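S.K.: Let me begin by handing over the structure; questions about it come next.
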Amino acid sequence: MRQKNASMGRPAEKSKRPATPHGRSLSPGYLAVIFGMLALSGCTTAPLAPVRVEIPVFTPCVKMEIPRPAYEFDKLPAMATDGEIILALARDWLQGRKYEDELEAVIAGCQ
C-alpha cells in the first residue's frame with residue numbers, strides 16, 4: 001500500500017540520499033574546497049622575522065680589587081699629639097699618592 005502525502009494528495013517519495021546525523025552529508029567537492037581554503041590560509045601571511053633586542057646589562061669593569069694601604073695615621077692612638085699626627089700624615093703622603101695612581105689607572109681602564 002502506498003502512503004499518500006496528506007497535503008498534496010501524492011504518494012510520499014523516498015529520499016535518494018542516505019540519512020546522516022546532521023541531515024546533510026559533505027560531498028567530496030565541498031571537502032576539497034574546505035581543505036583548499038585551509039591550505040591557502042596558511043600561506044597568506046609571511047613568517048614572523050626574528051627581532052634582535054639588545055638590552056644593556058651592567059658588568060663591572062674592575063676585575064681586581066686594589067688593597068687599601070695600611071696608613072700609619074690610622075694606627076695612631078686617640079690621644080696622639082699634634083706633632084705625631086703631622087709626622088704620620090707626612091709619612092703616609094707617598095703611600096696615598098701611589099694608591100691614588102693605581103685607582104686612577106683602574107678607572108681609566110673602565111672608560
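S.K.: Being surrounded by 10 or more Cβ atoms within 10 Å (Cβ to Cβ), of a type in the set (A, V, I, L, M) and within 28 Å of the chain's Cα centre (by Cα) is the filter here, so list the residues in region 36-72 that pass it.
M.R.: VAL62
S.K.: If the Cβ limit is 9 Å and pairs must be 6+ apart or interchain, which residue in region 61-83 that is of a type in the set (A, V, I, L, M, F, W, C) pairs with which residue that is loosely packed, with under 10 Cβ neighbours inside 10 Å and not in a loop (DSSP other than H, G, I, E, B)?
M.R.: CYS61/CYS110; VAL62/CYS110
S.K.: Right, next: Would you mind finding the one in LYS63, LYS16, LYS98, LYS75 that is charged (D, E, K, R) and at pLDDT below 65?
M.R.: After ruling out the rest, the residue left standing is LYS16.
S.K.: Count, please, the residues in region 73-86 that happen to be among the aliphatic types (A, V, I, L, M) and either part of a helix (DSSP H, G or I) or surrounded by 10 or more Cβ atoms within 10 Å (Cβ to Cβ) (or both).
M.R.: 4
The values are calculated or read from the model by the stated rules, or taken from the named source; none is laboratory data. Just so you know, these numbers come straight off a predicted model, no measurement behind them. Ideal geometry is used to build each Cβ from the backbone, glycine not excepted, and the neighbour counts take in all protein chains shown.
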